[in-house]
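Novice: Quick one: the structure is below, questions incoming.
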Amino acid sequence: LLAAALGSAAAFAPAPSARSSTGANAFANGYVGGEGPEPMPFTSAGTSVNFDPCGFAERAPEWLPWFREAELKHGRAAMLATAGMVVPEFVRIPGEQFSFENIPRVIEAHDKLPESMIQIFGWISFLEACSWAALANMNEYDRAPGDFGFDPLGLFPTDPEKQKTMQLAELKNGRLAMIAIGGMVAGASVTGNGFPYLP
């Protein structure tokens, strides 16, 4: 978990000072994620290269930075949520209200700890409010989507190829986490069991 937390900090690393030039025909403004070559059943191409079944890249190219920002933000939240769903199954913070006796299943914490849920909602709202200015000015300044210049450990590489590799890893892990947290919540709700949420 520590390695995952440290690795995700590099996602906030500053972007290179000059924008990379992408060709006029570069898919999705040249953002990482369209390279493929994972096989994709039930698609006309049969691969994930430039996968955009709804045609967002062609229909709304001016919104692509916002789409990528939203995807990264939701992916990062989902990665934290998956860790936050599994870790309390094994370790709890001090306090009787957080104990295994009071909350035997992590999914029950939502209903049994309303004060904590209010605090979580407050912090999420604060972080969202802090990102409004950056989001509103994304197309006007030299900032890549999802880049808030936060890399206190200096994990973001300086080599452009390694940067793309790290960005692609974050994107794919975020996509997986978005699917995973949905499955984890559904599994915990339906089965009534803890991790691994199987019947």
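Novice: Checking the a/c ratio against 1.5 first, then a/b against b/c, what shape does the Cα gyration tensor give for segment 27-146? Write down the numbers at each step before the final one.
Specialist: Values: a/c = 3.53, a/b = 1.73, b/c = 2.04.
Here segment 27-146 falls in the oblate category.
Novice: Quick one: if you stick a label point 7 Å off each Cα along the C-beta vector at Glu89 and Ser131, how many nm between them?
Specialist: 2.7
Novice: What net charge do the residues around Ser48 carry, taking every other residue with its C-beta under 12 Å from that of Ser48, with Lys and Arg at +1 and Asp and Glu at -1? The partial results should precede the final answer.
Specialist: Values: positive: Lys172, Arg175; negative: Glu35, Glu38, Asp52.
Combined, the nearby Lys, Arg, Asp and Glu give -1.
Novice: Could I have the simple spin-label model distance between Ala186 and Glu108, label points 7 Å from Cα toward Cβ, reported in nm to one decimal?
Specialist: Between Ala186 and Glu108, the label points sit 2.4 nm apart.
Novice: Can I ask one more? With a 1.4 Å probe and all protein chains left in place, how much of the accessible area of segment 56-199 comes from carbon and sulfur atoms, in whole percent?
Specialist: Details: 6400 of 9520 Å².
On segment 56-199, the fraction of accessible area on carbon and sulfur atoms equals 67 percent.
Novice: Heavy-atom accessible area per residue, segment 64-189, 1.4 Å probe: how many Å²? Can you show the working numbers first?
Specialist: Details: 8030 Å² over 126 residues.
With all protein chains present, segment 64-189 gives 64 Å² per residue.
Novice: Which log10 I(q)/I(0) values, to two decimals, does segment 96-194 give at q = 0.13, 0.15 Å⁻¹ under the Debye formula with one point per Cα?
Specialist: One equal scatterer on each Cα of segment 96-194 leads to -0.78, -0.94.
Novice: Just to confirm a number: summing +1 for Lys and Arg and -1 for Asp and Glu over residues other than Gln163 whose beta-carbon lies under 12 angstrom from that of Gln163, what do you get? Could you put the intermediate results ahead of the total?
Specialist: Values: positive: Lys162, Lys164; negative: Asp147, Asp151, Asp159, Glu161, Glu170.
Neighbourhood net charge equals -3.
The values are calculated or read from the model by the stated rules, or taken from the named source; none is laboratory data. Please read all numbers here as calculations on a predicted model, not as lab measurements. When we count neighbours, we look across all protein chains shown, and the Cβ atoms used for this are built from the backbone with ideal geometry, even at glycine. Keep in mind that these areas ignore ligands, DNA and RNA; they rest on the heavy atoms of the full protein, side chains included. Shrake-Rupley method; radii C 1.70, N 1.55, O 1.52, S 1.80 Å.
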